[in-house]
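A.B. asks: Here it is: the structure, laid out below.
The values are calculated or read from the model by the stated rules, or taken from the named source; none is laboratory data. Keep in mind it's a predicted model, so treat the numbers as computed, not measured. With ideal geometry, Cβ positions are generated from the backbone for all residues, glycine too; neighbour counts draw on all protein chains shown.
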Amino acid sequence: MYDFESFQSCDTDDQKLENESVNQAIVENPVTFHCGRCNTVWADCRGICGEATSVNSLICLEVTQDVTINSEREWSLDGLFSACVYNTLQCAGCLCLMGVILYSTPQHLSALRNLFLLKKDEMYCYIFSTGQMVKASTLNFSVAPLGERVSEGWGQFELKTVNSGNKLKIQITG
């Protein structure tokens with residue numbers, strides 16, 4: 001059985017962010033995600049769809065070919081992945097365990113099924129616009145819920161109802 005909390009810490013230098021501009025750079029510029037031990041590229045910003053803070057992991061739709069999915073399914077009775085069935089993910093460069101794919105989960109983890117969960121403590125991010133390599137655990141990859149983003153978008157428009165005879169028209173101005 002695999003203990004998700006037993007990752008060894010990265011031996012590379014721990015770089016701290018000096019300001020919030022790096023978080024903004026992730027939104028506006030390309031970023032790649034690298035192994036904290038051997039620097040192998042695991043993913044890029046196109047495949048990232050958020051962060052699972054409860055398990056300290058990035059949520060990815062896709063990863064590079066340098067991420068190996070171990071063929072044997074495992075299960076856990078305790079810890080972060082209690083009552084889960086999953087495959088572990090391994091770096092092809094240095095063979096460190098760097099995440100999981102959950103297949104069967106309790107309801108509170110159901111949104112993470114069949115997605116790549118990459119352990120933030122095990123990776124660095126290269127931000128192209130700044131030329132910086134920073135520890136992923138120092139960055140926030142949270143995504144606002146869809147409802148909030150839609151409400152925010154609609155807040156930019158003014159809706160008007162226009163009564164034209166028997167017809168009701170809605171005008172959107174913005």
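A.B. asks: Please enumerate the residues belonging to segment 97-120 that are in contact with a helix residue (DSSP H, G or I) (Cβ under 6 Å, 6 or more places away or on another chain) and either under 18 Å from T64 (Cβ atoms) or at pLDDT below 95 (or both).
C.D. replies: M98, K120, listed by residue number.
A.B. asks: Residues of segment 69-92 being within 12 Å of F116 (Cβ to Cβ) and exposed (fewer than 15 other Cβ atoms within 10 Å of the Cβ), which ones?
C.D. replies: Answer for segment 69-92, where residues must be within 12 Å of F116 (Cβ to Cβ) and exposed (fewer than 15 other Cβ atoms within 10 Å of the Cβ): just I69.
A.B. asks: Would you point out the residue of segment 110-123, among those that are touching a residue at least 40 places away in the same chain (Cβ under 8 Å) and over 17 Å from E62 (Cα atoms), that is surrounded by the fewest Cβ atoms within 10 Å (Cβ to Cβ)?
C.D. replies: Here the answer is D121.
A.B. asks: Suppose we keep only residues that are among the small types (G, A, S) and in contact with a strand residue (DSSP E or B) (Cβ under 6 Å, 6 or more places away or on another chain) within segment 56-81. Which one would you say is modelled with the lowest pLDDT?
C.D. replies: S76
A.B. asks: Among the listed residues T53, T40, which satisfies the condition of being closer than 24 Å to N29 by Cβ and out of contact with any strand residue (DSSP E or B) (no Cβ under 8 Å at 6 or more places or on another chain)?
C.D. replies: Of T53, T40, the one residue that is closer than 24 Å to N29 by Cβ and out of contact with any strand residue (DSSP E or B) (no Cβ under 8 Å at 6 or more places or on another chain) is T53.
A.B. asks: Return the residues of segment 64-87 that are of a type in the set (G, A, S) and assigned to a loop (DSSP other than H, G, I, E, B); say none if nothing qualifies.
C.D. replies: S71, G79, S82, A83, listed by residue number.
A.B. asks: Which numbered condition in (1) small (G, A, S); (2) modelled with pLDDT of 95 or more; (3) farther than 19 Å from A136 by Cα is the only one that A43 fails?
C.D. replies: Result: A43 fails condition (3) only.
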